[in-house]
Amino acid sequence: MKFDSTDLYAALIHELKNDLGLLSMTLESIPLQGDAAHDEPVDASRMLCQGVVDRLQQALLIYKAINQQIHPAIDAYSPHDLVREIQDRATALSRGRIQIEATLAEAVPALWFFDRDLVEMALINAIHNSLAHACSALQIKASMVEGCLALSVHDDSAGYPEHILNSVATNTSYRSSGTGLGLQFSKVIAQSHDNRGRQGELRLHNDQGAVYSLLLP
Amino acid sequence: MNPASIRVSDAFIDYGELRALVVDDSPSMRNALRLTLSNFGVTKVQLASNAAEAIFQVKGKPCDFILCDFNLGEGRDGQQLLEEMRHGNLISLETVFMMVTAEAFYEKVVATAELAPDDYMIKPFSPEVLRNRLDSILLRKRAFREAYRHFIAQNLEAAIAACDELIRTKPKYVVEALRFKGDLLVALERSEEAEALYKDVIQMRAIPWARLGLARTLHLQKKEDAAEEELRDVLKHAPEMVAAYDLLSEVCLAKKDVSAALDALKKGVAISSKTVRRQQKLGEVAHGNGDLDTARTAFANVLNKGRHSIFVTPTDFGNLCRVQLEQGDLKAVAETLKKNKSTLQASPEGKLVMAVTQGMAHVQAGNLQEAAKLLDEVAQLRAAGTRGDAQLMLDLAGVSMANGRYEEADSIVSEVARNAHDSEALLTKAKRVYEQAGRVDAGASVLSAATSNVRKLNNEGVVLAQRGDYQTAVDKLLAACDEAPRNPRIMLNAVWVILKYIDQAGMDEKLMGIASCNLDEAERLSPGHSRISGLRLHMKDLESRYGIQRRAAG
């Protein structure tokens, strides 16, 4: 049997992702003991493990995006359910270290059309970043902006460095660290959503912390 | 509004009460999932490592939700398991079926399948995701309870009304309710209303399932060009949507473009090769088009990939052998029969397929004596009431004629013709059997004698019914049913006039019983026939008007 090397890499990443998934579930099952010497390293390994899983998922998707166009599987989903799920995941990841809040603006409709899996992957990536940099609080928000559903993650960190803001705003690729990869990934996902000529967007800015927003038309 | 508060106020799900089934071929994954479920209170968890075990489990003990991995190793995959469970009524619409996929590609195949799971998750997932997804689906099932209840009772009008109520009052479920209503309208053949509904959804967003629904309603209205155009464009945006290839092949067949139909089926098979019915269709169309290599591969796949599937019947073994015979590959035929001997010997239908196929092989090899022995065996099976599909029966007639047993052959062909008096394709095949035996004139008279009486009784019945003389129409059509006891078209006409007669003259329980049996039998012979659901509805309506309890099935 002959292997195409890129397919081999994709298969390998895939396998690793599944193994890591199991590892992550195993780590989840270790009960906390109220003893910092035990609990902190367990928490840290859980976070790290989840982070690696998510990064691999992104790598697979970007690999796909390079080779062929991403066709998002768009259907009607509830933004309320989405925000609740992301909040629950963020809360579990932070284990009380960071305060997680979620808000839904009144104007957000009961249903919106998007690819739930892609949007969740992008938001979880943003959550990982924020959990790593926030001081004490993180806010997940759904609102309506320019007729689009805006899903935001707002933290109380020092904010995005200038070069990242620039690279996202100007469409130049930034790829010296993991952060760059994750944001590129969010951008690909946002842009794969379009509706009646309007394309989705990733917007970053600083407002007493970093603000990450996905705009879905 | 804080989302956490919704959970408390709007709904409470008692996970301790729910029974779960986890299907995964990896033991560590099964255990991890069980542990995760126990974290939010699910303690009644059954485990299965493959489809067969899962079916065994649900037959033994119904469950509230099923978590199933798409990839179950050898044997059936999660999608096949879902189809068998839903089609076989092993689980009801109220049972949650959640698919777990690891491969990014299959997640889309699963999500866009014609019979989609209630939701799917991509591995690996965190416990919070599982909990949230289950919450949402269980609440959705709760909201749809009325609609499902009516649907299960075959009360489609009431189910539609329940959907309308959801559309009016529950903005969160609008799209889902429209989707279910669309299916109901299509089942009731209200194509124009369904078309308008799908256009409304597309107006919101051109999501693939709505476009597929639109294409289906166009096809039902015989607007084939528009249907094809829609489907080709859907596939450009959602190339993994296998259901669109299936429908495209139907549309192409309706346009008599067989090679395009084959092409569509091949593409569907390339994406999801395990679906038995798609392989069956591919084999059938390829065979009809003289593409024996494709037909052979497809029919062989039906048997290989559909091992233990409820959709595989003795007919499928006969189909593969027929192609192998046509290719002159007697060795392959012998191998197919040898390999599947125990399966075929297990039922009279299987024995019939085996005997007819062997008979054909002997005729082809010139061993008429051996063939004659098999014909005796077949005669016994037939005398006991065993029948095969029409093609097999025509093959049998061919073997009989090769052995000079003309009378037997004529009676077999006559029976096929009576039961398919309006099928141009089958009558043509029957003619070919006589041509090959050099009995063209005999064939013409057998076929015309067989069909003319059925056709006459049927036509008279229909004309009488149109004039409003339902009573005589019932007599004529019941006589036609005696003449052609396995003819779905005649049976459905008989059911139709009986119901009309009862409409007019009041309840007649004996006739109602006959109508009910005929309808069941027609559905068995011709599942999914477009007239069945309408007639069922009419029957249901009469039963409730006259306060008759529905007879328990079987």
Would you kindly derive the ³J(HN,Hα) couplings of segment B:154-166 from the backbone phi angles with the Karplus curve 6.51 cos²θ - 1.76 cosθ + 1.60 (θ = phi - 60°), listing them in order in whole Hz, with x for Gly and Pro? 6, 9, 5, 4, 5, 5, 5, 4, 5, 5, 4, 4, 5
Note down the accessible area of B:THR275, probe 1.4 Å, to the nearest 10 Å². 20 Å²
Chain B: percent of C-alpha pairs farther apart than 36 Å? 44 percent
Long-range amide H partners of B:TYR120 with built H, under 5 Å: B:MET99
Enter the accessible area of B:ARG179 (Å², nearest 10), with the probe set to 1.4 Å and all protein chains included. 60 Å²
Of chain A, which part is the longest with no GluC sites (Glu not before Pro) in a loop (DSSP not H, G, I, E, B) and with at most 11 other C-beta atoms within 10 angstrom? A:1-105
Which translational diffusion coefficient, to the nearest whole µm²/s, is obtained for the protein assembly as shown from the Stokes-Einstein equation, given a Kirkwood hydrodynamic radius over C-alpha pairs, 25 °C and 0.890 mPa s? 83 µm²/s
For segment B:244-249, what does the Karplus curve 6.51 cos²θ - 1.76 cosθ + 1.60, with θ = phi - 60°, yield as ³J(HN,Hα) per residue in whole Hz, taken in order and with x for Gly and Pro? 5, 5, 4, 5, 4, 5
Can you tell me the accessible area per residue over chain B, all protein chains present, probe 1.4 angstrom, in square angstrom? 45 Å²
Expressed to one decimal in nm², the mean projection of the alpha carbon convex hull of segment B:311-365 is 3.3 nm²
For segment B:419-493, state what percent of all Cα-Cα pairs lands in each successive 10 Å bin, counting from 0 Å until the bin that includes the largest distance. 20, 42, 25, 11, 2
Roughly speaking, what % of Cα-Cα pairs in segment B:170-240 are separated by over 14 Å, rounded to a whole number? 57 percent
In whole Hz and in residue order, list the ³J(HN,Hα) couplings for segment B:205-219 that follow from phi through the Karplus curve 6.51 cos²θ - 1.76 cosθ + 1.60, θ = phi - 60°; x for Gly and Pro. 6, 7, 7, x, 5, 5, 5, 5, x, 4, 4, 5, 5, 5, 4
Net lengthening on full extension, A:ASN206/A:VAL52 (0.36 nm per residue, minus Cα-Cα): 52.8 nm
Between A:LEU22 and A:ARG97, what is the label-to-label distance in nm when each label sits 7 Å out along the Cα-to-Cβ direction? 2.7 nm
For B:ALA425 and B:GLU146, what does the FRET efficiency come to when R0 = 45 Å and r is the distance between their Cβ atoms, rounded to the nearest 0.05? 0.55
Across the alpha-carbon set of chain A, Rg over Rh with Rh taken as the Kirkwood radius works out to 0.97
Could you pull the accessible area for B:ARG307 with a 1.4 Å probe, rounded to 10 Å²? 110 Å²
Nearest 10 degrees, 0 to 90: helix B:276-288 Cα axis against chain B principal axis: 30 degrees
For a Förster distance of 51 Å, can you work out the FRET efficiency between the beta-carbons of B:HIS87 and B:LYS510, rounded to the nearest 0.05? 0.95
Percent of all alpha-carbon pairs of segment B:124-201 at distances over 17 Å, whole number, is 49 percent
With T = 4 °C, eta = 1.567 mPa s and Kirkwood Rh from C-alpha pairs, the Stokes-Einstein D of segment B:259-340 in µm²/s is about 103 µm²/s
Dividing the alpha-carbon Rg of segment B:53-107 by 2.2 N^0.38 Å yields what? 1.10
What's the percent breakdown of Cα-Cα distances in segment B:30-84 across 10 Å bins, shortest bin first? 22, 54, 23, 1
Hey, got a sec? Which GluC sites (Glu not before Pro) in segment B:123-210 land in a DSSP loop and have at most 16 other Cβ atoms within 10 Å? B:GLU189
In Å², rounded to the nearest 100, what is the total accessible surface buried by chains B and A against each other with a 1.4 Å probe? 3700 Å²
Counting sequence-distant residues (5 or more places) and residues on other chains, those with an amide H built under 5 Å from that of A:THR103 are A:ILE140, A:LYS141, A:ALA142
Binning every alpha carbon pair distance of segment B:242-301 at 10 Å from zero, what are the percents per bin? 28, 60, 12
Net length gained if the chain between B:ASP503 and B:ASP164 were fully extended (0.36 nm per residue, minus Cα distance): 119.2 nm
For segment B:237-321, give the percent of accessible area contributed by carbon and sulfur heavy atoms, probe 1.4 Å, rounded to a whole number. 50 percent
May I ask you to compute the full-extension gain from A:ALA36 to A:ALA137, defined as 0.36 nm times their residue separation minus their alpha-carbon distance, rounded to one decimal in nm? 34.2 nm
Can you check what the Kirkwood hydrodynamic radius comes to for segment B:420-554, Cα pairs only, in Å to one decimal? 16.0 Å
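The values are calculated or read from the model by the stated rules, or taken from the named source; none is laboratory data. Only a predicted model underlies this, so the values are computations on that prediction, with no experimental measurement involved. Please note: Cβ atoms are built from the backbone with ideal geometry, for glycine as well, and neighbour counts cover all protein chains shown. With ligands, DNA and RNA removed, areas are computed over all heavy atoms of the protein, side chains included. Shrake-Rupley method; radii C 1.70, N 1.55, O 1.52, S 1.80 Å.
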